[in-house]
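The values are calculated or read from the model by the stated rules, or taken from the named source; none is laboratory data. If you're wondering where the values come from, they're calculated on a predicted model, not measured in any experiment. In this analysis, Cβ positions are derived from the backbone assuming ideal geometry, glycine residues included, and neighbour counts consider all displayed protein chains. Side chains included, ligands, DNA and RNA excluded: accessible areas come from the protein's heavy atoms. Shrake-Rupley method; radii C 1.70, N 1.55, O 1.52, S 1.80 Å.
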Amino acid sequence: MHASDTIPGGALVLFSGGQDSTTALGWALQRYDRVETIGFDYGQRHRIELDCRPVVLDAMRAAFPGWSAQLGEDVVVSLDAIGALSGTALTRDVEIKMGEDGLPNTFVPGRNLIFLAFAAALAYRRGLKHIVAGVCETDYSGYPDCRDDTIKAMQVALNLGLERRFVLETPLMWIDKARTFQLARDLGGDIFLDIVREQTHSCYAGDRTHVHEWGRGCGVCPACDLRAEGWRKFAAG
Ligand code: ZN
């Protein structure tokens with residue numbers, strides 16, 4: 001899709017610096033005339049993901065001049081209250097495991113609902129129609145705030161509550177990690193795939209010292225497992 005074919009109205013992408021949100025950002029840049037980004041600092045156990053955000057953005061701007069022209073403001077919103085409330089493994093120094101309720105203890109209750117509400121408030125102020133999130137029901141079925149029904153209900157709630165016609169887009173909702181790698185290559189060839197692979201961060205342990213085919217990470221946490229398995233499936237074709 002060329003820039004002249006893009007959809008007007010602009011988009012705000014929830015961009016964390018991870019594989020999924022970076023791929024969703026590439027998707028939005030192929031689709032919308034102008035694209036802004038928002039990230040959240042909520043007392044994550046490791047700030048590495050936040051540190052990856054500007055690195056990924058700079059790499060995308062350098063590699064794709066067209067995308068660079070479409071990319072607008074990037075905002076990081078401080079949400080310390082989430083960390084103070086949640087006390088889960090993502091924000092406290094405890095082991096990551098599955099809870100008795102079938103949810104990993106990395107789950108921060110309602111986190112995506114809070115993110116979407118803040119994103120909508122910013123999109124309202126910035127005059128952006130589309131809100132893009134890299135949430136996925138396929139890999140993270142344990143996260144109820146990533147489900148398709150949740151996102152659709154949230155779109156209705158936001159449109160009623162803010163008196164706007166936002167469209168919440170979730171390009172990764174029904175694809176697994178292997179197809180997310182494939183989507184990155186479809187969007188920007190091996191150059192974008194390499195940015196996703198090498199510059200984005202998934203590891204729950206905040207490890208960027210160990211280098212693997214699928215990127216950097218500890219190689220043993222659930223996020224690394226998922227990413228490594230996705231890469232193996234993608235690479236096998
Ligand atoms: Zn890891």
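Which FRET efficiency value, to the nearest 0.05, is calculated for residue 148 and residue 225 with the Förster distance at 25 angstrom and r the Cβ-Cβ distance?
Using R0 = 25 Å, I get an efficiency of 0.55.
I'd like the projected area of region 166-237, averaged over all directions, using the convex hull of its alpha carbons. Report it in nm² with one decimal.
The Cα convex hull of region 166-237, projected and averaged over all directions, gives 5.6 nm².
Just to check, using Stokes-Einstein with a Kirkwood Rh over alpha carbon pairs, what's the diffusion coefficient of the chain at 25 °C and 0.890 mPa s in µm²/s?
137
Roughly how big is the chain's charge dipole about its Cα centre, with Cβ charges of +1 (Lys, Arg) and -1 (Asp, Glu), in debye to the nearest 20?
340
Considering only DSSP states other than H, G, I, E and B, which GluC sites (Glu not before Pro) in region 140-237 qualify as loop sites with at most 10 other Cβ atoms within 10 Å?
Sparse-neighbourhood loop GluC sites (Glu not before Pro): 163, 213.
Tell me the net charge near residue 52. Cut-off is 11 Å between Cβ atoms, residue 52 excluded, with +1 for each Lys or Arg and -1 for each Asp or Glu.
Once all neighbours under 11 Å are counted, the net charge is 0.
Pop out the carbon and sulfur fraction of the accessible area of the chain as a percent, whole number, probe 1.4 Å.
C and S fraction of accessible area: 53 percent.
Under a point spin-label approximation (7 Å from Cα along Cα-to-Cβ), what is the residue 174-residue 186 distance to one decimal in nm?
Once both label points are built, they end up 1.2 nm from each other.
Compare the peptides 16-28, 179-191 by average per-residue count of other Cβ atoms within 10 angstrom and give them in order, highest first. The partial results should precede the final answer.
Values: 16-28: 26.0, 179-191: 18.5.
Top to bottom by mean Cβ count within 10 Å: 16-28, 179-191.
Taking a probe of 1.4 Å, how large is the accessible area per residue of region 3-201, in Å²?
44
Which of the DSSP-defined H helices in the chain satisfy a minimum axial length of 15 Å, computed from C-alpha atoms, and a minimum mean Kyte-Doolittle hydropathy of 0.0?
Those that pass (Cα extent of 15 Å or more, hydropathy at least 0.0) are 48-63, 111-126, 148-162.
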